[in-house]
Structures are given as structure tokens and as C-alpha cells.
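Q: Right, I'll just put the structure down here and ask away after.
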Amino acid sequence: MSKVNIAKIAKDVGICSENLVSISESLISISEKVATVAKVIAEIVSEFQGEPDKPAVETKPKKAAQKQVEAKEETPEPVKEYTFTEVRTFLADKSRAGHTAEVKKILAAHGADKLSDLDKAEYAAVMAEAEVLE
């Protein structure tokens, strides 16, 4: 009959239990991250549910009868007009990048609890503020 080395078995059991503890801690961390992602997705879906995608309306500018001669620095840059879908997509990307709280603060600063409550006139300002989030 072979000799059983109880000390070696006890040591191996201890190593296994340490590994199990480490694995369980990793699983807890992963589950917390999955829960956060699920929460963000649920917020995005609930916020944008029922909002039809509105296509951007593009119009060709009319030719001016006369050319206006002005200094380049005096003419303000035209403000881009964003569609609901463009803003929604951009803010959703920022939320997925971990800036959900900042996106909510930006919307609140412009008088909206959610994007569908935001006035279209505020789209450009919201986009400008969200662009600086990294």
C-alpha cells in the first residue's frame, strides 16, 4: 500500500480554494459590469422606444442673386443641424463609453429628462457639450 502524503494534499486543497476564491471574485466583478451594461441598454431602449427615426431633411441652398463680399472672420460659421437619430446615436455611444451620468447632466442642463423631451433647437449645443467627453 502506498503512503498518503496528507501535508501535500492539504497544501493542494489550500491552493485550489485560493484559486476558487479568486475565480468567484472575478465572476462577481464581471456580473456587476454586465449588470451596468444591461442597465445602460435598458435606459437607452426605454428612452428611445416609440420614437420613429426621423430622416434628415436636406435642402439645396438657393443661389444668391448677388454675391456678398464680407471678411471671412466676420461671417459666423453655420451651425450644423442635427437630426434626432444623429443625436441619439452619438449620445448612446457616449453612454456605452461610460459617460451615462455626464450625458444625463447635459440633457438636464438643457431642460430635458430624456432625449425625446429635448427641444430640437438644443441639439447642436448638446452635441457640442457631449463631444468633449472622452
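We did not get these values from a lab; they are worked out from the coordinates using the rules stated. This is a predicted model, so every value here is computed, not measured. Note that we place each Cβ from the backbone using ideal geometry, even for glycine, and neighbour counts take in every protein chain shown.
Q: Report the label-to-label distance for residue 7 and residue 112 in nanometres (one decimal), using points 7 Å from each Cα along the Cα→Cβ vector.
A: 7.1
Q: What FRET efficiency do you get for residue 105 and residue 33 if R0 is 22 Å and r is their Cβ-Cβ distance, rounded to the nearest 0.05?
A: Calculated transfer efficiency: 0.45.
Q: Mind giving me the FRET efficiency for residue 119 and residue 22? R0 is 35 Å, r the Cβ-Cβ distance, nearest 0.05 is fine.
A: 0.10
Q: Which of 96, 88 comes first, and how do the rest follow, when ranked by fewest Cβ neighbours within 10 Å?
A: Least crowded to most crowded, the residues run 96, 88.
Q: Quick one: 123, 82, fewest Cβ neighbours within 10 Å first, how do they rank?
A: The most exposed by this proxy come first: 82, 123.
Q: Suppose each label sits 7 Å from its Cα in the direction of the beta carbon; what would the residue 40-residue 93 distance come out to in nanometres?
A: Output for this residue pair reads 1.4 nm.
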